[in-house]
Amino acid sequence: MISRNFPNFLLKPLMNFVLLVYLFFSRLFHVDFEPKEKLDDGYTKFNSFDDPLPDIEYNNPDYQEILAEAKENGEPIKSVNRRKPLTVDVDGCSKCGAPKEYLYSFGHDKDGYQKFQCKVCDHQWAPEKPEQRPKNHPTYRCPFCGYALSKEKERKNFTKYKCRNDDCSKWKNEHKRYRYRAYDFDVDDLEVSRPDSEPVNLDHSQYGNFIISKAMDFYVGLGLSLRQTKRALKLAYNVSPSAQTIQNWTVSLACRLGPKISDLDLPLSGIVAVDETYIKIKGCWHYLFTAIDGKNGCIIAQHLSRHRDTKAAITILKKIIEQYQNQEFILVSDMAPIYRAAVHALKIFLKADIDHRQVKGLFSDDDNSDEDYRPYKNIIERFFGTYKAHYKRHKSFSSLDGALAHATLYQLYFNYIKPHSSFDNKPPLIVEDSRGQPIESWAQLIRWINKTDK
């Protein structure tokens, strides 16, 4: 057999011929990739948003309270009438703390270790068994059948529990299992991200407040990079602070003004649009959550998170609730499941009644969307377009504090200084200084905030 290399000049015509044959026969056959039964677009893996909360039994009851309650009910719990001493020396129950007079032997476990059972709380355990991990969560019971929920999955920031009782009324009626998410963080400890320390003391700067405020006009207002801001200061005012010095000014000013943002009065309309966008910090993607008033167009809260998860959504929603002082409002978001889970969690932790409306996509072609609230969703999309125009000049932030400082100062700039075409080229919030003049620069804004704080 003679082996010869295929001529290169024939390869291209042959590939074109094969492609034409494929396209011809593909028109003769139609493969339907649509499922026979239409899937429910509103289906989520966690389907217990509207179900009642489980009954919670905590792990460390007090044996004295159990004994007192049993005595009040006319069924006092007596100590064990022991015929033989315990084979293992124990001080008391490892769960409720009952003394050993209320303990009795309960056979052996599968590994051959002696088990005991407490007569007070019915707790069973083997004291001599090595490497026992104590149960660090309470017992959750299904509100429909009272069956103890079993751990289904462990996820970041929460654990999912599931009722596996086949006689559960929810399973019989709806053919769905009851599920519950137990979060492993305290909602009261969640705070929106802010820079935590001032790298320099602005009061002792050799350049003065005028140059610092002009640097903020260039860096935050005009969206220049640090080095472009340095060059602009040199050309306009003949001063040459380094790029790192301007960065230190930004972080220090954000540390001073950030805590005062919550004290400023915001005209709240009762409609809040929330969404997130991604920014890069030191080569890693982070997510900037933003909440904007639906009618007044001002930024209510922002939160920068490493992850786009339910914990971050809970954090910014908690800040919105604090701004509204527990008053009712309408929340508009996209179809991301983290917002629905966050609303459900805050109803549990903070007893917050949030009217949540979800809008899907950019166009009004989805049946599950609440189209009456799409204009509010578009407001926050336009804000991200404006913010990204500033961010693209930076390409990436070199530190988390730098990104937090820029987001904090941009929130103040967007609310009080930046002219908006939808507001007749005026900022959403118009404030006046001590002389009755509208604030139009960073120097005026800093003086006004410091005076308001006093």
Looking at (1) without any contact (Cβ under 8 Å) to a residue 40 or more places away in the chain; (2) touching a Ser or Thr at 6+ places or on another chain (Cβ under 9 Å), which is the only condition ILE380 fails?
(1)
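If a residue must be of a type in the set (A, V, I, L, M) and under 10 Å from VAL120 (Cβ atoms), how many such residues does segment 84-99 contain? Can you show your working first?
Within segment 84-99, the first condition is being of a type in the set (A, V, I, L, M), and the residues that meet it are 86, 88, 90, 98.
Adding the requirement that they be under 10 Å from VAL120 (Cβ atoms) leaves 98.
Within segment 84-99, residues that are of a type in the set (A, V, I, L, M) and under 10 Å from VAL120 (Cβ atoms) number 1.
Residue-wise test of (1) among the hydrophobic types (A, V, I, L, M, F, W, C); (2) surrounded by 14 or more Cβ atoms within 10 Å (Cβ to Cβ); (3) more than 20 Å from ALA312 (Cα to Cα).
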| residue | (1), (2), (3) |
| --- | --- |
| VAL220 | yes, yes, yes |
| ASN238 | no, no, yes |
| THR245 | no, yes, yes |
| GLY258 | no, yes, no |
| ASP263 | no, no, yes |
| GLY270 | no, no, yes |
| TYR278 | no, no, no |
| TRP285 | yes, no, no |
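Is segment 350-370 home to any residue that is in a helix (DSSP H, G or I) and not hydroxyl-bearing (Ser, Thr, Tyr)?
At the first step, the residues of segment 350-370 found to be in a helix (DSSP H, G or I) are none.
No, because not a single residue in segment 350-370 is in a helix (DSSP H, G or I) and not hydroxyl-bearing (Ser, Thr, Tyr).
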Verdict on VAL343 being under 23 Å from ALA389 (Cα atoms) and of a type outside the set (D, E, K, R)
no
Number of positions in segment 165-208 that are surrounded by 15 or more Cβ atoms within 10 Å (Cβ to Cβ) and farther than 29 Å from TYR287 by Cα
9
Under the condition of being in contact with a Ser or Thr (Cβ under 8 Å, 6 or more places away or on another chain) and of a type outside the set (Val, Ile, Thr), which residue from segment 75-116 is nearest to GLN64 (Cα to Cα)?
TYR102
For ASP111, which of the numbered conditions (1) modelled with pLDDT of 85 or more; (2) surrounded by fewer than 12 Cβ atoms within 10 Å (Cβ to Cβ); (3) charged (D, E, K, R) fails to hold?
(1)
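Test GLY146 against the criterion of being without any contact (Cβ under 8 Å) to a residue 60 or more places away in the chain and either surrounded by fewer than 18 Cβ atoms within 10 Å (Cβ to Cβ) or among the hydroxyl-bearing types (Ser, Thr, Tyr) (or both), and give yes or no.
Judged against the criteria, GLY146 is not a match.
Restricting attention to helices (runs of 4 or more DSSP H) lying wholly within segment 153-257, give those where 1 or more residues are under 30 Å from ARG393 (Cβ atoms). Walk me through how you get there before you give the answer.
On the way: elements: 169-174, 208-216, 226-237, 243-257.
The helices (runs of 4 or more DSSP H) meeting that bar are 208-216, 226-237, 243-257.
A quick yes/no check of all residues on (1) in a loop (DSSP other than H, G, I, E, B); (2) in contact (Cβ under 8 Å) with a residue 12 or more places away in the chain; (3) among the basic types (Lys, Arg):
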site: VAL90; (1), (2), (3): yes, yes, no
site: LYS95; (1), (2), (3): yes, yes, yes
site: LYS110; (1), (2), (3): yes, no, yes
site: PHE116; (1), (2), (3): no, yes, no
site: GLU128; (1), (2), (3): yes, yes, no
Selection status of ASP355, modelled with pLDDT of 90 or more, loosely packed, with under 14 Cβ neighbours inside 10 Å and not β-branched (Val, Ile, Thr)
yes
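For segment 423-438, enumerate the residues that are modelled with pLDDT of 80 or more and either hydroxyl-bearing (Ser, Thr, Tyr) or assigned to a loop (DSSP other than H, G, I, E, B) (or both). Steps first, please.
Our first condition is that a residue be modelled with pLDDT of 80 or more; within segment 423-438, this holds for 423-430.
Answer for segment 423-438, where residues must be modelled with pLDDT of 80 or more and either hydroxyl-bearing (Ser, Thr, Tyr) or assigned to a loop (DSSP other than H, G, I, E, B) (or both): ASP424, ASN425, PRO427, PRO428, LEU429, ILE430.
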Scanning segment 183-223 residue by residue, those under 23 Å from HIS303 (Cα atoms) and of a type in the set (A, V, I, L, M) turn out to be VAL187, LEU190, VAL192, MET216, VAL220, LEU222
Going residue by residue through segment 371-391, is there one that turns out to be in contact with a helix residue (DSSP H, G or I) (Cβ under 7 Å, 6 or more places away or on another chain), among the aliphatic types (A, V, I, L, M), modelled with pLDDT of 85 or more and not in a loop (DSSP other than H, G, I, E, B)?
no
Failed criterion for LYS347 (all others in (1) in a helix (DSSP H, G or I); (2) more than 12 Å from the chain's Cα centre (by Cα); (3) under 22 Å from LEU404 (Cα atoms) hold):
(3)
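Can you confirm whether segment 21-35 contains a residue that is surrounded by 11 or more Cβ atoms within 10 Å (Cβ to Cβ) and either at pLDDT 80 or above or not in a loop (DSSP other than H, G, I, E, B) (or both)? Don't jump to the end; show me each part of the working.
The initial filter retains those residues of segment 21-35 that are surrounded by 11 or more Cβ atoms within 10 Å (Cβ to Cβ), namely none.
Among the residues of segment 21-35, not one is surrounded by 11 or more Cβ atoms within 10 Å (Cβ to Cβ) and either at pLDDT 80 or above or not in a loop (DSSP other than H, G, I, E, B) (or both), which makes the answer no.
Restricting to segment 306-326, and then to whatever is among the polar types (S, T, N, Q) and touching a residue at least 40 places away in the same chain (Cβ under 8 Å), can you tell me which residue is surrounded by the most Cβ atoms within 10 Å (Cβ to Cβ)?
Pass one, segment 306-326, residues among the polar types (S, T, N, Q): 310, 315, 323, 325-326.
Remaining after also requiring touching a residue at least 40 places away in the same chain (Cβ under 8 Å): 310, 315, 323.
Details: THR310: 23, THR315: 21, GLN323: 18.
Here the answer is THR310.
The values are calculated or read from the model by the stated rules, or taken from the named source; none is laboratory data. Since we're looking at a predicted model, the values are computed, not measured. Don't worry about glycine lacking a Cβ; one is built from the backbone with ideal geometry, like all the others, and counts go over all protein chains shown.
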